[in-house]
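Take a look at the structure set out below.
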Amino acid sequence: MATALCRGVRRPRGLGLGLTAAAAARLWQPCRGHKMTPSDDELYQRTTVNTLERESLDTLFIDCYSKHGFTINGNRVFGPCAVIPQALLQWNVGSYKDISEDSLALFHILEPKIEILVLGLGERSQRLDPKLLMFMRSKGIAVEVQDTPNACATYNFLTSEKRRAAAALIPPLHLSGDLE
């Protein structure tokens, strides 16, 4: 009873024992390259998936911005705003100088947690207090500080990639091309 192996496929047994090809084909079984153990079985390795939102058409994208506010999914928001998954809120800050642990509390109490917070600080990127960034990092949230135009683009990109992202945006006071 000879068995030939060829790239993990075993030839049907019994061809040399007087069995017909049809009978031998019924005896044929695929050959695994390795033997599965209970630890390899999905039954023993549980997979968990946490999603912030289901696939929906309600994903928020920033359409445009002006010195007065933002248009997000066709909704107009005046002044600074917080864009979190499935919600759009006014953000009570006047400028980047008003950003504190209290003003960022909204972003670290969300459940499930966001991965990244994109801060748009107006027409220019400003330096925030390093203690504030370390505080957010201690809460498990990465913070990306940018000017508002780049922050809008970054948030839209992260959202299109299905990342758990939020944005805190301050409208730019002056836009390039403004006549004053």
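The values are calculated or read from the model by the stated rules, or taken from the named source; none is laboratory data. No experiment lies behind these values; they were computed from the predicted model shown. Cβ atoms come from the backbone with ideal geometry, glycine included; neighbour counts cover every protein chain shown. Remember, those area values only see protein heavy atoms, side chains included, never the ligands or the DNA or RNA. Shrake-Rupley method; radii C 1.70, N 1.55, O 1.52, S 1.80 Å.
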Whole-number accessible area per residue in Å² for region 85-180, which is evaluated in the context of all protein chains at 1.4 Å: 57
Normalised per residue, the volume of the convex hull around the Cα set of region 99-180 (Å³): 86
Sum of side-chain charges, LYS131 neighbourhood, beta-carbon under 15 Å (Lys, Arg +1; Asp, Glu -1): +1
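Work out, step by step, the length gained on full extension between ARG163 and LEU88: first 0.36 nm times the residue separation, then minus their alpha carbon distance; give nm to one decimal. Don't jump to the answer; show the numbers that get you there.
Numbers: separation 75, 0.36 × 75 = 27.00 nm, distance 1.71 nm.
Fully extending the segment from ARG163 to LEU88 adds 25.3 nm.
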